[in-house]
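Scroll down for the structure; my scribbles are underneath it.
Just so you know, all these numbers are worked out from the coordinates, no wet-lab data involved. All of these numbers come straight from a predicted model, not from anything done at the bench. Backbone-built Cβ (ideal geometry, glycine too); neighbour counts: all protein chains shown.
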C-alpha cells in the first residue's frame, strides 16, 4: 500500500501556546503577530489573522483564570502586550482599563489607514510618471529588519512572512483596487520603492523601466564617436557622438532623462560603418512617455551623417546577446593602405594567397594600452581581396572574426600583431582609411 497523503492535523493547542509565549515577552499589534503565522489559513489579512490568534488566546486565558491556573497579574501582563480583545476581557472581568504597550516591531504604526497612505503615495508617483503597470519594492531600515529577524529566530517560527512582503502585497493590492493600476511582474513600466525608516516613516522613489528599442546604425562620416569623448582638460575630442545625436532627437518626445546606446562592439572613431549597419539597442532612460510608433521614431532620427533604423522593441536579454555575440559576428572591412615604396600586383596576389583562413595573434594595441589590459587574443582572417590604387597605395577587403584589430593587421604594431600585411610585403604600411562594410546579424 502506498504512503498516505494525509497531512498531520494542525495542533491548535501548540499554536495558542506559541502565541502566548511570544506575547509574554513582546508587545505585538495584530499585523505583526499575524505575520508570524502568515502561512496558516487562506483569505485572511495579517491583521485579521493576528486578531483571531489573540481571540483564541483569550479563550484559553479565560479558562485558565476561571480554573485558577493563572492569576490576575498574568492576565494583565498579556493584555498589556496584546491589546484587543484581551484588554476588553480584563475590563469586563475586573472593571479596569489596560493601556496596551507599543508594538515591539512597528510601534503601533501599521494599520489599514497607514497602508492606505502608502498606497496613495505610491499612486501619486505612478500618476506623475504616467505609469499604469508597476511592481512594488520595499526597503526596510537596518534596525527594523533586525527587530523582526531577531523575534522570528528566537521563537523559531517557520511559517512567518516578512514585513517587506506584507507591505508589497497590501500596497500593491490597494493601488490596483482603489486606483485601477495593474501590477505587472513580467514587464512593469516602473518599480515603486517604498522606503521605511525605524519609525515606519515612508518615502517613495520611482525607478522607471527604460524603453528599449532594437535597430541598426550606419555612420557615414568619420571622427564620430559612440559616446561623448572628452580630453583630460575637459574639451571635446570629437564634435559628434551617436549617443548625443540620438539623445538630441529622442529625449524630448519621450520626456526622458537621457539616452544610452548598447552596440555589438564598436568601430574606431575614424571608421565609417556602411552596408547593412551595426546592431544596437537604444535605451531611453526614465521616460515619462512610453507609447511610441516605430515609423515616427525612424522619421525623428533620420539623418545623412548618422543613420539609425529602429525595427522593434527590445529587452535586457537583447542587450546581453549583443555583448555576448559581438566577437562571434564576422565582419568585412575596407582599408586604404599606403606604402613608402611601390607595391606590385604580384605582391598583392601573394598577400591574398597568404591570408586565407589564417590565425592572427594580437597583443593589445599600443594605441589603447593606456585604457586596456595587455592581453593576447587570437582571431582569424578568412579572406583578403586587394586592388592596386596607385603604385604606393592599395585597397584591401578583409573578411575576419569580430574583435580583430584590423589597423594593426596592416602595420604589425611593432611586432605585437603577427602575421600582418607589412611582414608579408616586407615594407612599412599605414592604413589611412577604414570602413566597416558588413557585420553578421
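List of remarks:
- Residue 383 versus residue 296: modelled label distance in nm, points set 7 Å from Cα along the beta carbon direction: 4.5 nm
- Contour excess over end-to-end distance, with Cα ends at residue 70 and residue 269 and 0.36 nm allotted per residue: 63.2 nm
- Peptides ranked, highest mean first, by Cβ atoms within 10 Å: ranges 395-407, 11-23: 395-407, 11-23
- For the chain, the longest principal axis of the alpha carbon atoms and the long axis of helix 163-179 meet at an angle near 80°.
- Taking a point 7 Å from the Cα of residue 369 along the Cα-to-Cβ direction, the residues of the stretch 401-441 with backbone N closer than 17 Å to it are 405, 408-409, 411-418.
- Compared with the dominant principal axis of the Cα atoms in the chain, helix 72-82 is inclined by about 30°.
- Sorting the segments 240-250, 343-353 by their residues' average number of neighbouring beta-carbon atoms within 10 angstrom, most packed first, yields 240-250, 343-353.
- Radius of gyration (Cα atoms) of the stretch 112-207, expressed as a multiple of 2.2 N^0.38 Å: 1.13.
- For the chain: relative contact order, % (alpha-carbon pairs under 8 angstrom, 6 or more apart): 12 percent
- DSSP beta bridges fully contained in the chain are about 80 percent antiparallel.
- Angle of helix 345-354 to the longest C-alpha principal axis of the chain, folded into 0 to 90 degrees and rounded to 10: 30°.
- Contact order relative to length of the stretch 211-325, as percent, for alpha carbon pairs under 8 angstrom and 6 or more apart: 40 percent
- Entry note, the chain: the mean residue ellipticity at 222 nm calculated from DSSP H runs of n ≥ 4, each adding -39500 (n - 2.57), is -11000 deg cm²/dmol after division by the residues and rounding to the nearest 500.
- Summary of packing: across the peptides 149-160, 287-298, the per-residue average of other C-beta atoms within 10 Å ranks them, highest first, as 287-298, 149-160.
- For the chain, built as a Gaussian network whose Cα springs stay under 10 Å, the top-fluctuating residue of 303, 99, 225: 99
- For the chain, a Gaussian network of Cα nodes joined below 10 Å ranks 117, 82, 391 by mean-square fluctuation, and the top entry is 391.
- For the pair residue 251 and residue 176, a Förster radius of 30 Å applied to the C-beta separation gives a FRET efficiency near 0.45, rounded to the nearest 0.05.
- Among 331, 232, 257: highest mean-square fluctuation, GNM of the chain, C-alpha pairs under 10 Å: 232
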